Amino acid sequence: MSKNFYITTPIYYPSGKPHMGHAYSSILADIFARFKRIEGYNVYFLTGTDEHGQKIQKEAEKNKKEPKIFCDEISETFRSLTKILNLTNNDFIRTTEPRHFKSVKEIWTRLINSGDIYLDKYSGWYSVSDEAYYDKDEIEDKDGKKISKISGSTVEWVEEESYFFKLSKFQKKLLDHYKKNEDFILPASRKNEVVSFVEKGLKDLSISRTSFSWGIPVPENKKHVIYVWLDALTNYLSALNFPNTDDKMYKSFWPADVHIIGKDILRFHAVYWPAFLLAANLPLPKRVFGHGWILSDDKKMSKSLGNILDPIEIIENYGIDQLRYYLIKDVSLGNDGSISMENLKNCINNDLANNYGNLCQRVFAFIKKNCDNKIPNKVDLKEDDIKLINNIKNNIPKLVEYINKQNLNEYIKKVVNFSFEANKYFNDSEPWAFKKKDQTRMHAILYTIVEQIKNISILLNPIIPISTKKVLNTINISDKDILIDSIKKDNILDCNSELKSLDILFKKIENDN
Ligand code: MSP
């Protein structure tokens, strides 16, 4: 079985500052990447920026800058966000890089050679903001403007010469693929949307534009630039040194294991992208996971609505682990979720400070005071101790399955529960009561609870990497042992070793009022 794992985020339009919606897609992908790494996989995690097209050209003009200079500046803010979010991406691709041009040209040539491209004229509705074509039944009137019913963005009438991709030809193949590969699109509700869209029939897709120039030129006709979505989707291959299909990167990581995307770009990833790949005679990604939106004031964040939440500001005030944890805990992954500062504070106080943080701090303080600050030996464990430890171990296959289906909500629910149980165990077994009368029993209880802290910290590590690493270092677990396998093993804890000191893990947040 291959132990390679390739995961991607969408590549972001560098049309404005990154916001919480972008941070969300990236954090989700990072959590899965980190989990697969500690599961022993060789992971390649890609993110980047999507820099061509009319939207970017217009935005650059508005800012009186050359598009490339404009993209250089804003792409950099996305690159620095990867550091602020503590992402472990292996690569950051920009669609203005030569490696990407090469790969897009190859895709184009493959589609020409397969006979799936023809020249015609496009007339219809186009949204620059979505970089998407819409049918007339997807358009409505609002305040004297034509808008897309799907995204709400303004559309304009476009008539121009265009190359077309024979998308209609792929309807049956796509439907067969969805049927045969049940988990190709997750969550299931998203899959149904896509299936009914494709069942209604597919029209050929315009894949070049002539009314502006900011893009990758069509190799045989420089009047045209390649449609930005055909250009952008190909990034997932460019990063693997495509077109060199003999290259180690391509061989190891294609097809991608999962493209993490927002639900608004599902059609592009679950319909157009597989159709392009089928035409190019390349394997299809194994999964497209469409998450819901982060809502601000119950609406999708957008520059035009002025309701943007700035992740950097929140991180400065509360911390990155805190934000990562909150987004996973409070937003149901497949659905839209409103986020609120009130809920963020409650989550930090209740889950992080009072539950996991408190468990670690009080156990370490007790060991410092009563055991010479040393991790007790594993001696005379009772049935209840073993049961507690085994409960996590026995749940590993289930937890791995949750992650493999991107079911982070169930995953975190279970792990938080382990932490509640560990706290309860500590309270109920009252190690302090054995201080004088039975040191062996006290040590058995403390050994058990440190084992639980180790295991819970490993499980939380992909979500809150900084804090869990501090805890694991306190109990002398080295970075190379932060592995799912270390939960299964009994000999990872260095008994008798001295605990390192640990600062407050999570500061409680006072309410303003
Ligand atoms: N450039 C395209 C993606 C090309 S991928 C080959 C694009 N860029 S984007 O910057 O507009 O959006 C990138 C991602 O951010 C999308 O997955 C989108 O769903 C996500 N989000 C943007 N706003 C969002 C929220 N308010 N909430 C959650 N995610 C949303 O689309």
Residue-count net charge about Met301 - beta-carbon cut-off 13 Å; Lys, Arg +1, Asp, Glu -1: -1
field: Contour minus Cα-Cα distance for Lys142 and Thr245 (0.36 nm per residue)
entry: 32.2 nm
- prompt: Amide H to amide H, which residues 5 or more places from Ser162 or on other chains are under 5 Å from it, using H placed in the peptide plane?
  reply: Asp120, Lys121, Tyr122
message: Could you tell me how far the Cα centroid of the range 237-268 sits from the Cα centroid of the range 328-385, in Å?
response: 37 Å
message: Which entries of Lys55/Lys149; Lys413/Lys454; Lys369/Lys489; Lys169/Lys263; Lys398/Lys489 have Cα-Cα distances beyond 22 Å here?
response: Lys369/Lys489; Lys169/Lys263
statement: For the range 272-278, in residue order, the Karplus 3J(HN,Hα) values (coefficients 6.51, -1.76, 1.60; θ = phi - 60°; whole Hz; Gly and Pro = x) are 5, 4, x, 5, 4, 5, 4
query: Using the beta-carbon distance between Lys200 and Asp176 and R0 = 22 Å, what value does 1/(1 + (r/R0)^6) give for FRET efficiency, to the nearest 0.05?
result: 0.85
message: Given R₀ = 56 Å, what would the calculated FRET efficiency be for Lys500 paired with Glu66, taking r from the Cβ atoms and rounding to 0.05?
response: 0.60
task: Within 10 Å of each residue's Cβ, count the other Cβ atoms and sort Lys378, Lys437 from fewest upward.
output: Lys437, Lys378
statement: Once amide hydrogens are built 1.01 Å from N within the peptide plane, the residues lying 5 or more places from Ser338 or on another chain with amide H under 5 Å from its amide H are Leu295
Neighbour-count ranking [beta-carbon atoms within 10 angstrom, fewest first] of Asp246, Asp351: Asp246, Asp351
field: Computed log₁₀ I(q)/I(0) - Debye formula, equal Cα scatterers, no solvent, the range 5-44, q 0.16, 0.27, 0.28 Å⁻¹
entry: -0.45, -0.86, -0.90
field: Helix-derived mean residue ellipticity, 222 nm - over the chain, DSSP H n ≥ 4, -39500 (n - 2.57), to 500
entry: -13500 deg cm²/dmol
- line: the chain: spread of alpha-carbon positions along the three principal axes, whole Å, largest first, is 89, 55, 40
query: What is the Cα centroid distance between the range 79-154 and the range 13-70, reported in whole angstrom?
result: 14 Å
statement: Extension length gain for Glu97 and Asn427 (0.36 nm per residue less Cα distance), in nm, is 113.0 nm
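Just to confirm a number: summing +1 for Lys and Arg and -1 for Asp and Glu over residues other than Ser338 whose beta-carbon lies under 12 angstrom from that of Ser338, what do you get?
Computed value for this residue: -3.
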message: Neighbour counts of other C-beta atoms within 10 Å: give me His22, His177 arranged from fewest to most.
response: His177, His22
message: Quick check: net charge around Ile312, other residues with Cβ under 13 Å of its Cβ, Lys/Arg +1 and Asp/Glu -1?
response: -1
query: Spin-label point model (7 Å from Cα, Cβ direction): what's the Asn491 to Asn4 distance in nm?
result: 3.4 nm
query: Residue farthest toward the positive end of the dipole of the range 336-462, with Cβ of Lys/Arg at +1 and Asp/Glu at -1: which of Ile458, Ile392, Phe364?
result: Phe364
message: Tell me the relative contact order for the chain as a rounded percent, counting alpha carbon contacts under 8 Å between residues six or more apart.
response: 15 percent
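Since every read-out is calculated from the coordinates, none of them should be taken as a lab result. Bear in mind that the values here come from a model prediction, so they are computed numbers and not experimental data. Positions of Cβ are backbone-derived with ideal geometry, glycine not excepted, and every protein chain shown enters the neighbour counts.
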